[in-house]
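Throughout, read-outs are computed from the coordinates displayed, never taken from laboratory work. Quantities reported herein were computed from a predicted structural model and do not represent experimental measurements. As a convention, Cβ positions derive from the backbone with ideal geometry for all residues, glycine included, and neighbour counts pool all protein chains shown.
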Amino acid sequence: MSDTEREALKAEVKMPCVYKSEEDLEVEWYIHRGHRLSEQDEMPQLCAEIKQFDTMLAVTTGGRPIAELLTRSARHRILSPLEQAIETQSPSATSDGFRDIEQFAAELSDDYAFHLLMCYAHIDAVRLCKTQKAKDSGLFGNRAIESHISKASTHITFATKHNAQSAAIAAAKCALCEISNANPASLMRSYEELIALDKTTYAHFRKYARALLAHPEIGLDVLDHEASKMVKKTQDIWGTGAYAWMYLDPLGTDSASFERVDVTRFMEGALDIFERCPDQHNANLFAGFAALSLSAPVSGKESATQRRNRLQLHETADWIIDTHLRELHPLLWLKGAHWLFLESQELTHDQKAALGEELVLRVMQIHQRHADAAK
């Protein structure tokens with residue numbers, strides 16, 4: 001799209017595009033805060049802040065737990081030598097990052113936040129060792145993976161010993177269950193314990209649904225049962241919102257989920273979410289989901305039931321745009337177009353933003369012209 005076309009579209013749509021939303025700014029700030037503390041070797045202060053935000057169950061506008069965001073830069077620092085070893089296919093110095101951080105182990109041995117951070121670092125290491133590049137090297141096989149899983153388990157056991165009521169620890173247990181391919185009962189129990197500790201953080205529902213969908217022994221019947229169960233357990237906080245949160249990602253990635261979803265219940269859940277979270281992040285998230293993710297079948301074929309349910313939910317896009325949307329978040333809309341989002345992974349941030357902007361402006365142009373024609 002030329003600059004002239006882009007400016008003409010913006011003038012027609014008359015809704016501002018926000019390239020750094022409130023959510024983006026918050027995430028950047030907390031990651032930078034964690035980076036500054038880890039770079040200055042202020043690990044005790046970093047751990048203190050992780051615990052503070054964990055106790056508060058604090059999240060960003062987009063629902064991300066702040067305690068976990070604070071750990072990310074320290075984890076990246078720990079993992080850098082391993083990333084370099086995989087890139088160069090050399091086994092040397094793969095543990096240097098872990099050794100560097102162990103200087104704080106004695107001082108912080110009773111600090112659950114330190115063990116939480118180390119658990120996540122070992123989980124990150126497992127993910128790195130499972131990448132295709134690591135497999136191709138032949139240097140980071142099952143032994144390395146099993147070692148990191150074992151160490152992550154040790155750290156999470158220490159963390160739990162010091163604070164069994166921590167939602168951040170419970171979330172790390174869930175991540176560990178996923179990366180270690182735990183059995184279905186263990187996976188579901190870990191998420192139920194997490195949500196019992198923290199009903200308010202909707203990211204937990206979405207992660208739970210993705211974990212269920214990814215498990216080879218769990219089908220859509222279990223997903224639907226768990227979505228209904230979460231509604232009962234969190235009705236005081238979310239109404240029926242948990243049902244919509246649990247189905248949001250499956251509906252965008254798995255056509256078969258349209259066979260099981262209760263469309264009316266999903267829409268009621270979305271209404272409850274908008275009532276409780278009237279922010280522009282979620283307005284854009286659901287608008288992009290309805291307008292783009294549901295605009296075409298995820299796979300080539302779909303049954304009559306799948307098509308009917310998909311189109312019924314797709315039609316809610318106009319209502320979301322008219323009643324809740326006040327600004328446009330291009331990157332969220334790009335994620336809604338899952339076929340484009342997957343293809344865009346090699347693009348720069350600015351290129352992704354430009355692609356997302358063109359996408360959302362085109363959708364808004366069509367929506368606006370339809371609305372004008374109906375007057």
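Report note on the peptides 184-197, 13-26: ranked by the mean count of other C-beta atoms within 10 Å, highest first, their order is 184-197, 13-26.
Averaging the sequence gap over all C-alpha pairs within less than 8 Å and six or more residues apart, then dividing by the number of residues, gives the chain a relative contact order of 15 percent.
For volume of the Cα convex hull per residue in Å³, the candidate list reads (i) 259; (ii) 155; (iii) 166; the entry that matches the value derived from this model is (ii). Counting only DSSP H runs of at least 4 residues, each contributing -39500 (n - 2.57), and dividing by the residue count of the chain, the helix-based mean residue ellipticity at 222 nm comes to -23000 deg cm²/dmol. When the chain is treated as a GNM with alpha-carbon contacts under 10 Å, the residue of His204, His35, His225 showing the greatest mean-square fluctuation is His225. With a Cα cut-off of under 21 Å and a minimum spacing of 8 residues unless on different chains, the lysine pairs in the stretch 109-268 number 18.
For Lys375, give me every one of the lysines with a C-alpha distance below 24 angstrom, ignoring sequence neighbours fewer than eight places off in its own chain. Counting by Cα, and skipping residues close in sequence, Lys375 has these lysines nearby: Lys10, Lys14.
Listed by chain and number, the aspartates and glutamates whose C-alpha is less than 20 Å from the C-alpha of Lys51, apart from same-chain residues fewer than 8 away, are Glu26, Glu28, Glu39, Asp41, Glu42, Glu68, Glu102, Glu107, Asp110, Asp111, Glu193, Asp198. What's the angle, to the nearest 10 degrees (0 to 90), between helix 22-39's Cα axis and the longest principal axis of the chain? That helix lies at roughly 10 degrees to the long axis. Taking Cα atoms only, the orientation of helix 241-253 departs from the longest principal axis of the chain by about 90 degrees. Between 0 and 90 degrees, the angle of helix 43-56 with respect to the longest Cα principal axis of the chain falls at about 50 degrees.
When Lys301, Lys229, Lys375 are ordered from fewest to most other Cβ atoms inside 10 Å of their Cβ, what list results? Let's see the in-between values first.
Working: Lys301 8, Lys229 15, Lys375 4.
Fewest-to-most ranking of Lys301, Lys229, Lys375: Lys375, Lys301, Lys229.
Taking amide H as placed 1.01 Å from N in the peptide plane, Leu328 has its amide H under 5 Å from the amide H of Cys17, Val18, each at least 5 places away in sequence or on another chain.
Using a Gaussian network model of the chain in which every pair of alpha carbons under 10 angstrom is joined by a spring, one finds that among Asp41, Asp350, Asp272 the greatest mean-square fluctuation is at Asp350. Note on the chain: GNM, Cα springs under 10 Å; of Arg210, Arg36, Arg75, the largest mean-square fluctuation is that of Arg36. Each other residue within a Cβ distance under 12 Å of Met56 adds +1 if Lys or Arg and -1 if Asp or Glu, for a net charge of -2.
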